Amino acid sequence: MSRFAFEVARHDRAAHRRRDPRPEGARVMVLGGEHVATAAEIPAIAWMSRDEAPDGEWVWLGEQGGRDHAAVVVDGRVPAELNPVSVRVLAPLLDPEDLSLAVHAVALARWLAATPFCPRCGTRTEVRQAGHARHCPGCAADHFPRTDPAVIMLITDAEDRALLGRSPAWPEGRFSTLAGFVEPGESLEDAVRREVAEEVGVTVGEVGYAGSQPWPFPASLMVGFFGRATMTEITVDTTEIAEALWVTRDELRAHGEAGTLLLPPSGVSISSWLVEAWLGDQITAAWF
Ligand SMILES: [Zn+2]
């Protein structure tokens, strides 16, 4: 079972079948950007037949439950009559099978929409591999969807307190684990240590892998870690973090119940799962 949204794939990408993105009998998802067509008034994807789907770029998603699945990426926004809803909003509402296909489709839709031209020579590229590659007829370069790794980490100190931070964009009281993008030529572990040092001035020693979450809004892969601080004094870099604090498990529970500290919703982000893994308990709805 998955511990947070998008963690476990529930479809076979069947990459050997990327020659034909629109096989007969396929169930078809319609999307534009991160918005997908949904069934009216129910939080479910509106699967269509090949003939019902509007015009757009066809993408092969793969096989699931003995059925073929494809997506049509429309040019611009999904028409209002198809009830477009962001996959980010649908994440906690969809069944795991549809969510698995949706996260794959959104990642491709965002990439296809953002990269029509060759970054080497500027020629308009041709879509290949049923939406999973682009080929440049000008310079013969092949281009593939990019994924930008970001690290997200729950740091503890020698007393096993957790380090949480608040972004300047967030309201008072809303906290999360620290996170940041991996820089070119940097290991994931070094990115964890650098980001924590930059954001809150805390040095981190041991770093261990916890899990990962695709987050295609537009192209991130969140790579989760647990890390152990070698000091506790916090010096906040106020451009990236408004405030940071160390909390014990009892303090976090007391804050949660009093509503004085809010966390990301349980089951959606790897951030809340990292906190829950440390806490040994699920974050309840009152804390969101
Ligand atoms: Zn080119």
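The values are calculated or read from the model by the stated rules, or taken from the named source; none is laboratory data. All values derive from a computational prediction rather than experimental measurement. Here Cβ is always computed from backbone atoms with ideal geometry, including for glycine, and neighbour counts include all displayed protein chains. Just the protein is used for accessible areas: all its heavy atoms, side chains included, with ligands, DNA and RNA removed. Shrake-Rupley method; radii C 1.70, N 1.55, O 1.52, S 1.80 Å.
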State all residues of the range 242-258 that are outside any strand (DSSP E or B), modelled with pLDDT of 90 or more and within 26 Å of the chain's Cα centre (by Cα); if no residue qualifies, say none. ALA242, LEU252
Determine which single condition MET231 fails, assuming it passes every other condition in (1) out of contact with any Lys or Arg (no Cβ under 8 Å at 6 or more places or on another chain); (2) part of a strand (DSSP E or B). (2)
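Would you be able to say whether some residue in the range 203-213 is in a loop (DSSP other than H, G, I, E, B) and among the polar types (S, T, N, Q)? Don't jump to the end; show me each part of the working.
Restricting attention to the range 203-213, the residues satisfying the condition of being in a loop (DSSP other than H, G, I, E, B) are 203.
Now restrict to residues that are among the polar types (S, T, N, Q): 203.
Checking the range 203-213: at least one residue is in a loop (DSSP other than H, G, I, E, B) and among the polar types (S, T, N, Q).
Would you say GLU7 is in contact (Cβ under 8 Å) with a residue 40 or more places away in the chain and either of a type outside the set (S, T, N, Q) or not assigned by TED's automatic domain parsing to the domain that holds ARG134 (or both)?
Details: in contact (Cβ under 8 Å) with a residue 40 or more places away in the chain: yes; either of a type outside the set (S, T, N, Q) or not assigned by TED's automatic domain parsing to the domain that holds ARG134 (or both): yes.
Here the answer is yes, as GLU7 does meet what is asked.
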Against the conditions (1) under 19 Å from the mean Cα position of the chain (by Cα); (2) closer than 17 Å to PRO264 by Cβ, where does PHE181 fall short? Just the number, please. (2)
Between LEU274, LEU252, LEU261, which is within 17 Å of ARG228 (Cα to Cα) and open to solvent by less than 50 Å² (accessible area, probe 1.4 Å)? LEU274
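With the range 75-173 as the region, which strands (runs of 3 or more DSSP E) entirely inside it contain at least 3 residues that are surrounded by 12 or more Cβ atoms within 10 Å (Cβ to Cβ) and within 16 Å of the ligand (Cβ to nearest atom)?
Working: elements: 84-86, 126-128, 133-135, 148-156, 162-166.
In the range 75-173, the matching strands (runs of 3 or more DSSP E) lie at 133-135.
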Out of GLU186, GLU195, I need the residue that is surrounded by fewer than 16 Cβ atoms within 10 Å (Cβ to Cβ) and more than 16 Å from the ligand (Cβ to nearest atom). Which one? GLU186
For the range 259-288, how many residues meet the condition of being in a helix (DSSP H, G or I) and either at positive phi or modelled with pLDDT under 90 (or both)? 3
Identify, please: which residue in the range 54-74 is touching a helix residue (DSSP H, G or I) at 6+ places or on another chain (Cβ under 8 Å) and on the phi > 0 side of the Ramachandran plot and is, among those, most open to solvent (accessible area, probe 1.4 Å)? GLY65
